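S.K.: Below is the structure I would like to discuss, written out as structure tokens.
The values are calculated or read from the model by the stated rules, or taken from the named source; none is laboratory data. This one's a predicted model, so the numbers in the text were calculated from it and none came from an experiment. Positions of Cβ are generated from backbone atoms using ideal geometry, with glycine treated the same way; all protein chains shown enter the neighbour counts.
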Amino acid sequence: MRLFNFGIVFSAYRNFSTKGFSKPFFVPYGKYKSKDKTTSTTTKTERRLKIQWTEEQKSVLSSVSQGNSVFITGAAGTGKTKLVGEIVKLLNKLHTPSKVFVTASTGVAAILIKGQTLHSFAGIRYHTDDPKILYDSIMSRKGAYWRWRKVKALVIDEIGMVDARLFDNLERVARKLRGVDETWGGIQLVVVGDFCQLPPIPDDDSVVKYAFEADCWNESFDFMIELTKILRQSDPRFIELLQRIRMGESNPEDLSFLKSYCSKKKSDLSAVQLFPRKKNVTKVNEERLKSLQKSVVVYRAVDSGAKDRMRQLNQGIAPDEVSICVGARVMLVKNMHIQEGLVNGATGTVVELVKSVNVNDVCPDNLLPIVKFDSGKVLKIKPEEWHVMDGDKIVATRKQIPLILAWALSIHKCQGMTLDKACINLSRAFGCGMVYTSLSRIRSADGLHLSGFKASKILADPKVSEFYRNFALQRNNKDQDNTRTKSTENSSSSSSITCTSEKAGTTVKERHFSLYEYLAKRSLL
Ligand SMILES: Nc1ncnc2c1ncn2[C@@H]1O[C@H](COP(=O)(O)OP(=O)(O)OP(=O)(O)O)[C@@H](O)[C@H]1O
């Protein structure tokens, strides 16, 4: 039976699946109290400060508390992710925590909001274009089936990397599995992200289709807002420069400003190094590992299965060799324990290599790393499995330690992070949004060391620029509508108006409200 068209496009996960979560082996925290200061993403002071929500952020919280489905966009550093934390608290109160699911399109983004990946929530184990296989696969995962059945509120962060086909297909899954013929089967949806950052990864040669191009996009939301107050940076000049780059633009002053950060002097070794390509990331990580001059343990992947399919194992996230020593910066590449934030993308430092019994041949001398994660959690890491699937049949398997080195990261991996300092090498930058995504990570240009920068690397997708231009246009139109509405409030209390805005700067899905209904809704904000 052909149910509907699926076009799941996430090549990073393509043909790979992971089975279950391993039981965590937590190590007492007290033993590893020393604080690693090298790549902390939030400061102590920031953690102590009580956040004062901006008016824009408050309007979102107000709308969510009324049960609305919302889309929150805005430039990098406008506090979208921070707001998600507060939104989740509200949703938990509205629906009870067991009915609220917090997801993001990437593992790293999921950590930042203490959630899981959208794929893991939805029960998508591998890429397939066959709708029947995908639907059956979701249905066959008891956990996923019940998640879809019980979810009352679903948060999706980093929507910029979600393909339109995936968005449409999940909406259909929601409606079908829940047996409710309403958009998203009646789920309260909170979708967050900036389309000017990294785009979805296209499947083969297919054209990138952003989530805002999905058929169900407009019907999915009651309230849409673009946050405009930049909170990550405070220097107006740097903020303005970033805003131009976000739209693929720059002026001569911007270019000479950025070039002044391209110095030849040796970069700060405590700063995270960001590269567009994995190859450069690997080289730097290997050099840093060598420089520790400690005895290195090499974990070699153990592959099995059909020879012609084993090749695909190398395209996955688990490398065939992982070299580690005490002091190495590492990142988890598999969800280990979602509630504890120990999911794909969590970073930490290896604090010890301990002898263990009965671990397989991935581990030389049965030595397993103990990692102190930046969250403070300490975990002994055991080998995990990754599978290449054919339909729902496993055709090849890789066993490997679920860690990679993390002194250097790819720009894809750092999306969503706030960094005090970064050495950004853009010589191999490609595609839209890459310069913007990387530069906008840092709080201040003082923390920037740039190399390989050229004006031609500043690229924005015209489709995205148009989306935001229309967004701004609607906002301006609504400003005018609101002014007009005010002047006619007393003269026509029963007339019907087309309302695409609840308040200046926001847009709701096209609906006809009676003026009474419209004003009643506004007064709640
Ligand atoms: N209301 C606020 N007051 C002060 N600081 C805030 C506020 N909201 C967020 N921040 C801080 O601003 C910085 C950027 O916030 P956040 O990471 O949430 O932005 P973002 O919009 O999600 O960015 P990106 O799109 O790059 O992921 C963080 O350091 C965060 O703690």
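S.K.: Of everything in segment 198-239, what is assigned to a helix (DSSP H, G or I), in the same structural domain as Leu170 (by TED's automatic domain parsing) and aliphatic (A, V, I, L, M)? Give them in sequence order.
M.R.: At the first step, the residues of segment 198-239 found to be assigned to a helix (DSSP H, G or I) are 211-213, 218-220, 236-239.
Narrowing further to those that are in the same structural domain as Leu170 (by TED's automatic domain parsing): 211-213, 218-220.
Scanning segment 198-239 gives a single hit, Ala211.
S.K.: Based on what the data block shows, is Lys372 in contact (Cβ under 8 Å) with a residue 12 or more places away in the chain and under 24 Å from Gln273 (Cβ atoms)? Outline the logic, then answer.
M.R.: Values: in contact (Cβ under 8 Å) with a residue 12 or more places away in the chain: yes; under 24 Å from Gln273 (Cβ atoms): yes.
Yes.
S.K.: Within segment 59-93, how many residues are among the aliphatic types (A, V, I, L, M), more than 9 Å from the ligand (Cβ to nearest atom) and not in a helix (DSSP H, G or I)?
M.R.: Of the residues in that region, 1 qualify.
S.K.: Moving on to the next point. Going through Asp461, Asp420 one at a time, which residue ends up being within 16 Å of the ligand (Cβ to nearest atom), within 25 Å of Ala109 (Cβ to Cβ) and among the acidic types (Asp, Glu)?
M.R.: Working: Asp461 fails: within 16 Å of the ligand (Cβ to nearest atom).
Of the residues listed, the single one that is within 16 Å of the ligand (Cβ to nearest atom), within 25 Å of Ala109 (Cβ to Cβ) and among the acidic types (Asp, Glu) is Asp420.
S.K.: A further question on this structure: Within segment 173-209, which residues are charged (D, E, K, R), away from the ligand (no atom under 16 Å from the Cβ) and under 24 Å from the mean Cα position of the chain (by Cα)? Steps first, answer last, please.
M.R.: First, the residues of segment 173-209 that are charged (D, E, K, R): 175-176, 178, 181-182, 194, 203-205, 209.
Those still in the list that are away from the ligand (no atom under 16 Å from the Cβ) too: 175-176, 178, 181-182, 203-205, 209.
Those that are charged (D, E, K, R), away from the ligand (no atom under 16 Å from the Cβ) and under 24 Å from the mean Cα position of the chain (by Cα): Asp203, Asp204, Asp205, Lys209.
Table: residues versus (1) at pLDDT 90 or above; (2) in a strand (DSSP E or B); (3) under 29 Å from Gln293 (Cβ atoms); (4) in contact with a strand residue (DSSP E or B) (Cβ under 8 Å, 6 or more places away or on another chain).
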{"residue": "Asn335", "(1), (2), (3), (4)": "no, no, no, yes"}
{"residue": "Gln339", "(1), (2), (3), (4)": "no, no, no, no"}
{"residue": "Gly348", "(1), (2), (3), (4)": "no, yes, yes, yes"}
{"residue": "Val351", "(1), (2), (3), (4)": "yes, yes, yes, yes"}
{"residue": "Val354", "(1), (2), (3), (4)": "yes, yes, yes, yes"}
{"residue": "Val359", "(1), (2), (3), (4)": "no, no, yes, yes"}
{"residue": "Lys382", "(1), (2), (3), (4)": "yes, no, yes, yes"}
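S.K.: Take the conditions surrounded by fewer than 17 Cβ atoms within 10 Å (Cβ to Cβ), assigned to a helix (DSSP H, G or I) and modelled with pLDDT under 95 and apply them to Tyr135. Does it pass?
M.R.: Details: surrounded by fewer than 17 Cβ atoms within 10 Å (Cβ to Cβ): no; assigned to a helix (DSSP H, G or I): yes; modelled with pLDDT under 95: yes.
Spelling it out, it is not the case that Tyr135 is surrounded by fewer than 17 Cβ atoms within 10 Å (Cβ to Cβ), assigned to a helix (DSSP H, G or I) and modelled with pLDDT under 95.
S.K.: Six or more apart or on different chains, Cβ under 6 Å: which pairs go from a residue in segment 412-424 that's under 15 Å from Val435 (Cβ atoms) to one that's at pLDDT 85 or above and more than 13 Å from the ligand (Cβ to nearest atom)? Could you list them?
M.R.: Going by the 6 Å Cβ cut-off, the qualifying pairs are Cys414/Leu274; Ala422/Leu274; Cys423/Gln273; Cys423/His449; Ile424/Leu274; Ile424/Leu450.
S.K.: Taking Lys152 as the residue in question, decide whether it is in contact with a His (Cβ under 9 Å, 6 or more places away or on another chain), at pLDDT 85 or above and away from the ligand (no atom under 16 Å from the Cβ). Break it down into steps so the answer makes sense when it comes.
M.R.: Working: in contact with a His (Cβ under 9 Å, 6 or more places away or on another chain): yes; at pLDDT 85 or above: yes; away from the ligand (no atom under 16 Å from the Cβ): yes.
Yes: the conditions hold for Lys152.
S.K.: Still on this model: Is there a residue being modelled with pLDDT under 90, β-branched (Val, Ile, Thr), within 26 Å of the chain's Cα centre (by Cα) and in a strand (DSSP E or B) anywhere in segment 364-380?
M.R.: no
S.K.: Within the set of pairs 6 or more residues apart or between chains, which connect a residue that is assigned by TED's automatic domain parsing to the domain that holds Asn68 and within 12 Å of the ligand (Cβ to nearest atom) inside segment 94-115 to a residue that is part of a helix (DSSP H, G or I) and polar (S, T, N, Q) with Cβ atoms less than 8 Å apart?
M.R.: The qualifying pairs are Ala109/Thr81; Leu112/Thr81; Ile113/Thr81.
S.K.: Which residues, taken from segment 143-157, are touching a Ser or Thr at 6+ places or on another chain (Cβ under 8 Å), within 17 Å of Val60 (Cα to Cα) and not β-branched (Val, Ile, Thr)?
M.R.: Leu154, Asp157
S.K.: If I ask for residues that are under 17 Å from Lys80 (Cβ atoms) and part of a helix (DSSP H, G or I), which ones from segment 431-445 would you list?
M.R.: Scanning segment 431-445 gives Tyr436, Thr437.
S.K.: Next question, about the same structure. So which residues in segment 163-194 are within 30 Å of Arg244 (Cβ to Cβ) and buried (at least 24 other Cβ atoms within 10 Å of the Cβ), if there are any at all?
M.R.: First, the residues of segment 163-194 that are within 30 Å of Arg244 (Cβ to Cβ): 163-164, 167, 190-194.
Within segment 163-194, Asp163, Phe167, Val190, Val192, Gly193, Asp194 meet the criteria.
S.K.: Follow-up. Check segment 102-116 and report whether any residue there is surrounded by fewer than 23 Cβ atoms within 10 Å (Cβ to Cβ), modelled with pLDDT of 85 or more and not in a strand (DSSP E or B).
M.R.: No, segment 102-116 has no match at all.
S.K.: Quick one: in segment 428-458, which of the residues that are touching a Ser or Thr at 6+ places or on another chain (Cβ under 7 Å) and within 16 Å of the ligand (Cβ to nearest atom) is farthest from Phe238 (Cα to Cα)? Before the answer, list the steps.
M.R.: Restricting attention to segment 428-458, the residues satisfying the condition of being touching a Ser or Thr at 6+ places or on another chain (Cβ under 7 Å) are 441, 443, 449, 451-452, 455, 458.
Of the ones still in play, those that are also within 16 Å of the ligand (Cβ to nearest atom) are 441, 443.
Details: Arg441: 12, Arg443: 10 Å.
Within segment 428-458, the match that is farthest from Phe238 (Cα to Cα) is Arg441.
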